[in-house]
Structure formats: C-alpha cells, structure tokens
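Since every read-out is calculated from the coordinates, none of them should be taken as a lab result. Please read these numbers as outputs of a predicted model, since none were measured by experiment. Ideal geometry is used to build each Cβ from the backbone, glycine not excepted, and the neighbour counts take in all protein chains shown.
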C-alpha cells in the first residue's frame, strides 16, 4: 500500500481526564468526548488518539494500567467506549489507543500473582532479582526518583527486589517472558476486534534491558539521589529491541493492518529508519523529541531547519515520522516557542503552519488549536505530575527554597499540558460543573474556544484551513523538502515539491519585523498565496518584502 491512510491523517490527541466532563465529578470522561466529537469533525481531524483510559489507580495518570481490557470507571464503561468508536467511525474518524506495555500497575493481577512466590506462574512476567551484597541488585535509578532514588523495590513476601524504571507502583514487564508476550498479543488483538484502528506504543524503546543488569558507570547527576543513577543507555535501544517490535508486528500489527506509532526516548534521525522502513516490518512511524517543548525551552530558525532536514531524509529513504511540538508530556508550545504575551495568536498559527506543512503526519494536542498556554501554580500541592514532585523534593533536599524549586520546574512541568480544556469563560472554563481534578489555567477567561471562534484572529479557524490544505495539496504529504536562506536567524523559507505541484512556505520566527529577500532562483517564479496569518496584502515574492512579527504565509506555484 503506497499511500496508507495514516500518511494523509491529522491526529488529535485527547487527554481524556482534562478534555470534557459530562457528569460533574471534575474528571473528563468518554461521554464528554462524545459530546465534543462534532467540534473535532468541524476542525477537520481524521483520527483521534486516546492517552490511556484503561482501569488504573492513576499513580501516573493512567500510564499505570491495572486492567488492559477495561475502561477506568472515572472515564465510563467499555460500552461507552464502543459507542464512541461507532460514533467516531460514522463521522469518518479513526480511533487509536495508547498501549503501555513497558510496565503495568502493581495492582494488575499479573503482578499480584507474581509477587506471591518465586514459583508462581506469573513470576517471570516481571523482573525480579536477589539482593547484591545485601543491597539493591544494581545502582540504576528510577526516573521518578522516589524514596532513595533506586529503580529497585524490595518485596518482603519473597525477599527479592522488583525493577521499576518509573514509579514504585509501576513495575516493568519482562519481555523475555514468552507467556507475557503472548498475553500482550492476545490483548491487542482483542482491542482490534472491538474496532480500534491502531496503537501508540508508549516508551517502546525501553522494552529491552541490558542483559545481566550490570552497574552503570555513568556519574550521578544533580537530581540523582543516594548514588542511584538514571542512565538512559541501560534500558534504551538495547540490542534485541528490534526483534521484539518485529514479533509484535508479525503477530498483531502487520497481520491485522492497523496503524502503529512508536514513542520512546533515544529515537533520532540516525537510528529511526530500522524501526519504520516498510521492509523491516516493525512500525509505521515514530515520535522523536528533538523538536519537543518537553526538551527545549526555545526553538530557533536554524535548529528547526537542521532537524527537519535530517528527518526529511528518513522519509525520503522510505520511513515516516510524526510532526508535533507539544503533547501531554510537554509544556505548551506557544509558551516555549512563540510569544504568548504579545503575539499569542500569530505565533500559535505560525507554529501550526510549520507542523502541518513539513513531511510527516501532524499530531495536534488538545488546546493548541486555541493557543492554550503554560501555567505556574504557587504551591507544589497544586501540581500532579510525578516528575515535577519528585524533582521538587530532590531540589529541596539539596537546599533550594520552595520558590526556587517551583520557578525552575514550572516551565517544564507536564501539568502545563494537562490543565483542563478551556471551552468558554464560565467557571472552570466550562470543563466541569464540579471541582476539576487539576486547577484550570487562570488565563481561561481570555483564552477559550468560544472566544477564539468569535475573534478575527481565530487560531481554530486557521487550523481548519491548514488541515483542509492537507487534503487539497499533495505536496504536503508527497513533496520533497528544500530550505532556502539557511543563514537567516529569523526567517524560515522552504518549498515542498512533488510531480503535481510546488508549495512555498515563509515564516518569521521572531517578535520583530524582518526583511525577506527572495532567493534568486525563486524570483522568476509566480506564486499564489493560499494561506496567511496576517490581515495584509500578499508580500511581493520578486524582491524584498517586510514580514510582520510571527507572520507565516503559504503559496502554491502558479
């Protein structure tokens, strides 16, 4: 299949807990999503992706799964999900699920059985090790840095330690166990039978661990505690990971013809192709974090050109990738990469232009289509993110004041993306009639969907136009990428060219006017403007043109 549906798709990520609450309990739910599906259809998205909505004790907002075959009661029922699937499909929208199989909750029946005895049939579903010299099996640290910072937790029932890369209540699954793998294949096929159209594999690069679990020789970082070191290399892209993913594809994904997108640290343009080239039979596409607002606090024109050029080569060589700047794990993109104070609307539109006109499948995270921004809470008690809390207490332990710790951590907290969706200017932004599980961003009275739709600078309407362009202009999905003016500090200029057409995109990534001098090889061409985020006449593309702050323009070659 040369042009599968997911290459033409625009995916909308739904963080259900914060999207829309239908029953007033302060938690978003599936019926709330169903009420809003017409809005998503109006926006133009063709696929929705749910972050985990399975049964979970919510230690990490659903990424700690206690039952892979049921819906958490906070979100509704399995019947609600089936009704949502039917409704979405009737509106020509696909539905993909987050699948979290690097780890589970310690409340999953598999783990409850596993910890009972060393000879329990489920024992090898998880990673258990005896003490080493009376201490933890090695010096690996947990990403959540709980308790003493170790990635190992002693369990008195059997006198051994279990391994957890993340929270103590999120033990890692053992992918070396054949019986576990078969359970996972069966579970995924069960969801496909229900009608699910694909999966996002959470932290897939960490399924395989370094054999033997040797101590890391990496030095401790500023947030590491008691000598336990977070070393990504010990559990990321370890030899054997490709065999795991290929087997997943052979038993489930390729066999059933569903979409797959892999999310995991350590994926770069240098190692992505083996995961996503069709001949490898592993995944359809992968995330990378090189442009993510989770990693960066700013994005220059030069950085954008460099990273996009390298990933364009992955696609040119037969692979595929995701285009995004923010998601549920990141800060808000307009606060990081735009100008949320003076040019919020213009910069939000410009960032969208860049994501929707470069090679790959765009993923829209809920709220970016109305320009939602970061939030800074006054107290750590108002935060929910495990990373934020863990890092906060590590900083306090090392002598930082609460004010210093929050000021440092607030810009990168995952809670920036997880505050409730801002539907209107009523109490709690129209998200709920009750008390929201996480505080609403105080900016909701000025930034909300209802107000945006009434604005001459509607970000939502701009997203609609961008998404519609993807269906009308094959160069967006098929075209080669070529950058011009590569020495310019503020202006990004590139073309997307296929056999049928050429598009030209220009963007001023700054809060000051910029002068565009069109390259000589483009001056003789005639271009028709098809999209702009500024209320002004089209710039002349045959000479020097003054661009407004955060101006973006899209042209088609006449």
Determine the gain in length on full extension of the stretch residue 403-residue 35; use 0.36 nm per residue of separation and subtract their C-alpha separation, reporting nm with one decimal.
128.5 nm
Scattering from the C-alpha atoms of the stretch 109-230 alone, worked out with Debye: what is log10 I(q)/I(0) at q = 0.21 1/Å?
-1.26
Which of 473, 242 has the fewest Cβ neighbours within 10 Å, and the rest in rising order
242, 473
Taking the Cα centroid of the stretch 138-153 and of the stretch 199-227, what is the distance between the two, rounded to the nearest whole Å?
10
Once you order the gyration tensor axes a ≥ b ≥ c over the Cα atoms, which shape class does the stretch 447-513 get: rounded for a/c under 1.5, otherwise prolate or oblate by comparing a/b with b/c?
oblate
The chain - share of DSSP beta bridges that are antiparallel (%, nearest 5)
60
Starting from the Cα-Cα distance between residue 243 and residue 376, subtract it from 0.36 nm times their residue separation and give me the gain in nm to one decimal.
43.6 nm
Rg and Dmax of the stretch 476-557 over Cα atoms: what are they, in angstrom?
12.1, 36
Fewest to most neighbouring Cβ within 10 Å: what's the order for 259, 187?
187, 259
Normalised Cα Rg of the stretch 353-394, dividing by 2.2 N^0.38 Å with N its residue count, works out at 1.73
Mean separation of Cα contacts under 8 Å (6+ apart) over length of the stretch 466-558, as relative contact order %
27
Theoretical FRET efficiency, 1/(1+(r/R0)^6), r = Cβ-Cβ of residue 460 and residue 233, R0 30 Å, to 0.05
0.10
Linear extension gain, residue 82 paired with residue 5, 0.36 nm per residue minus alpha-carbon span:
25.5 nm
Taking the Cα atoms of the stretch 14-163, what is the range of coordinates along each of the three principal axes, in descending order and whole Å?
62, 30, 28
Below 8 Å, C-alpha to C-alpha, sequence gap of six or more: please give me the relative contact order for the chain in percent.
13
Compute the distance from the alpha-carbon center of the stretch 254-278 to that of the stretch 342-414, in whole Å.
27
Taking Cα atoms only, helix 78-90 is inclined relative to the longest principal axis of the chain by an angle, in degrees rounded to 10, of 20
Between residue 219 and residue 155, Cβ-based FRET efficiency (R0 30 Å, step 0.05) works out to 0.55
Can you tell me what percent of all Cα-Cα pairs in the chain are more than 44 Å apart?
16
